[in-house]
Amino acid sequence: MSIRELTHFIGGTHVAGTSGRFADVFEPSTGEVQARVPLATRAEVEAAIANAEEAQKVWASWNPQKRVRVLMRFVQLAQDNIDELAALLSSEHGKTIPDARGDVQRGLEVIEVCLGAPHLLKGEFTDSAGTGIDVYSMRQPLGVVAGITPFNFPAMIPLWKAGPALASGNAFVLKPSERDPSVPLRLAELFLEAGLPAGVFNVVNGDKESVDVLLEDPRVKAVGFVGSTPIAQYIYETAAKNGKRAQCFGGAKNHAIIMPDADLDQAVDALVGAAFGAAGERCMALSVAVPVGRDTADRLVAKLTERIADLRVGPGTDEKADFGPLVTAAARDRVHGYIAAGVEEGADLVVDGRGFVLDGHENGFFTGPTLFDKVTTDMSIYREEIFGPVLTVVRADDYEHALRLPTDHEYGNGVAIFTRDGDTARDFVRRVEVGMVGVNVPIPVPIAYYTFGGWKASGFGDLNQHGPDAFRFYTKTKTITQRWPSGVKEGDLEGAHVGDTDHFVIPTMD
Ligand code: NAD
């Protein structure tokens, strides 16, 4: 296989890397290196920021409706090219083609909501807030903003960040994951083809070195991050220290509570898809099943074991595969390390995926589905994010015990409850300390016009991704209090305080 050499995308064109430093991009189902991605120098990142800064002035001067027409054309172009995008994405990430299409599609749904930007960006207006005084507010773009994104959704998450940022009149510098950078580069081409002015959307490939330039440069006004928790926290703190806005989303440990009255077949179906889909490399993957009561637990584990035996693991191109390989050998070895730790810590290993080998793909980064029973809260396989096809079962004595588990866990991204009882579901939804909740829905990723965000160690910052929060994050509000003296009749100002000649008194509106 010839190895492709990837680039950056700066100022509307592909730019070869000059650092001499590269990262390998693998084909996870064969284990072969298929491309090399350059890791940017400080000067390359600064060139992207400078291009973005220039281009943003023009872009922000376009009226909002003209801007969203570009996004509308982009959605159409991406839809027209979705097969190519999905194949490219699958070949670097390893997820199945239908799953890769979903990755692109969920990103485009956010852009579709951004087509309403002219409405979402409207300010407020109060006529005659004081005598002859009107007060209004406007939302203005921040300028240049940056996105730093993870490997597991190489289309969706860059689009979740870029859509609202661009619709609000900002220019964007994306630093995608170095493990699957080809789709972000392709998205940059499609933005340009859709009519986005050159320099408004840039891609710099790199590692910590390029991220640190984005975090330090005063021209970057906001940073949106998605990835693991330690890096999310680092980026949040560093960006804040440098006076930038930051929203940083981290790791997860998502629980599914299975009540004794749940439709067990439906719950098992949901669990198998949510735990093992995309080889568990989803921040909303369900990695902890919490059956309530011994009988529920015994029945659940028996049914899960049966269903797991039917799962098909294969390359992303296998139309019948339920899930594909892990992204890298390091990711696979890390998952295997957790399985060994679980055994060491005394959990009951019901299904062991470590021995899985696929004929003809012996060097692929595959791991079979793995199931642990009788996991306890002190074990590392419960406390830490594994990010692989491993489902752990923690048996709960009763509902209150089950509710405490996700509530007390360090992470708080997603959670689900399976029950037929409305009272229990309502109580759970109101009391659980987690940002996104599903009731008989395994992966409660909110639809694009609501916001997405986890609590506790799963999210740092006070505004969520997409939905109305995204427009607040990517704009600054200006509030104007104005009076036009010629509009005030003689005598109108009697008793009014705003604009009084005494400028040392705080004006009031009574
Ligand atoms: P990661 O933290 O390793 O990398 C994320 C990004 O940060 C990449 O662009 C990477 O190049 C960069 N990065 C890595 N190390 C860095 C460092 N030391 N300094 C600065 N930048 C650095 O995450 P990943 O492995 O790509 O993605 C998987 C993680 O992302 C999981 O923890 C998953 O739960 C999380 N995730 C969270 C959400 C969410 O919305 N909460 C969504 C998707 C993924």
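Odds and ends about this structure:
- Across the stretch 272-389, the relative contact order, built from alpha-carbon pairs under 8 Å that are at least six residues apart, equals 28 percent.
- Where both bridge residues fall in the stretch 254-447, DSSP classifies roughly 15% of the beta bridges as antiparallel.
- For the stretch 94-225, the number of Lys pairs with C-alpha atoms closer than 22 Å, counting only pairs eight or more positions apart or on separate chains, is 10.
- Global geometry of the stretch 412-466, whether rounded, prolate or oblate, following the gyration tensor of its Cα atoms and the 1.5 cut on a/c: prolate
- Among beta bridges from DSSP that stay inside the chain, the antiparallel ones total about 45%.
- Per-residue 3J(HN,Hα) values for the stretch 27-36, derived from phi via the Karplus relation 6.51 cos²θ - 1.76 cosθ + 1.60 with θ = phi - 60°, read 9, x, 7, 10, x, 7, 6, 10, 7, 10 Hz in sequence order (x marks Gly and Pro).
- A P(r) calculated from all alpha carbon pairs of the stretch 254-447, with 5 Å bins opening at zero, reads 1, 8, 18, 22, 21, 15, 9, 4, 1, 0, 0 percent.
- Charge dipole of the chain about the Cα centre (unit charges at C-beta), most positive-ward option of GLY368, TRP59, ALA194: TRP59
- Rounded, prolate or oblate (a/c below 1.5 giving rounded, otherwise prolate when a/b exceeds b/c) for the stretch 1-101 by Cα gyration tensor: oblate
- Assigned charges on the beta-carbon of Lys, Arg, Asp, Glu; the chain dipole about Cα centre (debye): 1120 debye
- Cα principal axis extents for the chain, largest first, Å: 86, 59, 39
- Relative contact order [Cα under 8 Å, 6+ residues apart], the chain, whole percent: 18 percent
- Take every pair of alpha-carbon atoms less than 8 Å apart whose residues are at least six positions apart; their mean separation over the length of the stretch 12-68 yields a relative contact order of 26 percent.
- Note on LYS374: lysines with a C-alpha under 24 Å away, same-chain residues under 8 apart excluded, are LYS253, LYS303.
- Candidate aspartates and glutamates for bridging to LYS478, where Cα separation is under 13 Å - those fewer than 8 sequence places away on the same chain excluded: GLU124
Any read-out appearing in this document is the output of simple, stated calculations on the displayed coordinates, not a laboratory observation. Keep in mind that this is a model prediction, so the values were computed, not measured. Positions of Cβ are generated from backbone atoms using ideal geometry, with glycine treated the same way; all protein chains shown enter the neighbour counts.
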